[in-house]
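What follows is one structure encoded as structure tokens, with my remarks underneath.
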Amino acid sequence: MSVSTTTDRVTYAGDASTTAFSFPYVLFADADLKVYLKNNTTGAETLKTITTHYTISGTQTNGVYESGVTVTFLTAPTASETVLILRDRSVTQDLELDENGKIPSLSLEKQLDKLATDVQRGKNKLARSVSLKEGFTDSFTPDLPALMVNDGYLKTNTAGDGFEYISESDLINTINTSSSSFTASRALVSDANGQYRDWE
């Protein structure tokens with residue numbers, strides 16, 4: 001078997017009647033699948049539980065769902081929900097080889113396939129995260145500050161080389177100061193006759 005696609009997730013729109021949804025990609029175990037329902041209004045995602053909320057069916061070859069599976073909900077997702085199904089395997093290595101023994105090609109290939117899907121998962125998560133552009137050349141440390149600020153806001157620091165948190169009160173003071181500076185600068189706008197006036 002080979003892993004011929006880099007896709008590790010599918011989404012479907014609920015319609016209050018459909019209960020069966022296909023995950024057409026290789027799957028090594030039922031537990032490797034994560035099924036979410038997303039509330040289209042709030043954006044909240046809820047992880048569902050196998051047997052409690054849905055079941056999995058499919059044909060296995062040597063313990064692997066090579067052609068994927070069908071996820072069947074016990075209750076049909078509503079029209080205000082989106083179904084998200086993704087492969088999220090526990091990253092383990094469970095192949096044991098005997099020293100100086102024969103290498104079982106089927107078991108070895110299965111382990112390589114697992115590693116390929118693990119790399120895909122990591123790459124796909126990285127692609128969905130905030131990151132610096134490839135062409136970014138300035139000095140910038142994208143790590144979050146070590147200390148969080150309750151009800152705070154994330155901003156770039158004064159040096160422009162990292163992030164920092166600013167409290168809500170400090171943010172309001174900054175906005176008020178900026179607004180005052182802006183209002184004061186309005187008197188510096190001159191008209192066609194060279195007379196300074198309120199630019200509005």
Report, in debye and to the nearest 20, how large the dipole of the chain comes out about its Cα centre when Lys and Arg carry +1 and Asp and Glu carry -1 on their Cβ. 440 debye
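Ranking request for peptides 137-148, 47-58: highest mean number of other beta-carbon atoms within 10 Å first, then the rest in descending order.
47-58, 137-148
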Give the accessible surface of the chain per residue, rounded to a whole number of Å², with probe radius 1.4 Å and ligands, DNA and RNA excluded. 69 Å²
Under a Cβ-Cβ cut-off of 15 Å, what is the net charge of the residues other than Gly162 that fall near it, where Lys and Arg count +1 and Asp and Glu count -1? -3
Could the peptides 111-121, 92-102 be put in order, highest first, of the mean number of other beta-carbon atoms found within 10 Å of their residues? 111-121, 92-102
FRET efficiency for Leu112 and Ala76, Cβ-Cβ distance as r, R0 = 35 Å, nearest 0.05? 0.35
With -39,500 (n - 2.57) per DSSP H segment of 4 or more residues and division by the full residue count of the chain, the 222 nm estimate, nearest 500 deg cm²/dmol, is -7000 deg cm²/dmol
Under a crude label model (7 Å from the Cα following the beta-carbon direction), how far is Leu147 from Gln93 in nanometres? 4.2 nm
Considering the stretch 27-67, what Rg and Dmax in Å follow from its alpha-carbon atoms? 13.1, 42
Tally of Lys pairs whose C-alpha atoms are under 19 Å apart, taken over the chain, 8 or more apart or cross-chain: 12
Provide the gained length on full extension for the span Ser67 to Glu164, in nm with one decimal, where the gain is 0.36 nm per separating residue minus the Cα-Cα distance. 30.2 nm
Carbon and sulfur together cover what percent of the accessible area of the chain at a 1.4 Å probe radius? 51 percent
Counting only Cα, what are the radius of gyration and maximum Cα-Cα distance Dmax of the chain, in Å? 27.1, 95
Under a no-solvent Debye model with one identical scatterer per Cα of the stretch 1-118, what's log10 I(q)/I(0) at q = 0.12, 0.13, 0.14, 0.20 Å⁻¹? -0.49, -0.56, -0.63, -1.07
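What FRET efficiency, computed as 1/(1 + (r/R0)^6) with R0 = 41 Å and r the Cβ-Cβ distance, is obtained for Ser139 and Ala44, rounded to the nearest 0.05?
Calculated value: 0.65.
I'd like the FRET efficiency for Leu154 and Thr55, computed as 1/(1 + (r/R0)^6) with the beta carbon distance as r and R0 of 41 Å, rounded to 0.05.
Computed FRET efficiency for Leu154 and Thr55 comes out at 0.50.
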Rounded to the nearest 20 Debye, what is the dipole magnitude of the stretch 4-100 about its Cα centre when Lys and Arg each give +1 and Asp and Glu each give -1 at the C-beta? 540 debye
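The values are calculated or read from the model by the stated rules, or taken from the named source; none is laboratory data. Not measured: the values here are computed from a predicted model. Using ideal geometry, Cβ is built from the backbone for each residue, glycine included, and neighbour counts are taken over all protein chains shown. Quick note on the areas: whole protein, heavy atoms, side chains included, nothing else; ligands and nucleic acids left out. Shrake-Rupley method; radii C 1.70, N 1.55, O 1.52, S 1.80 Å.
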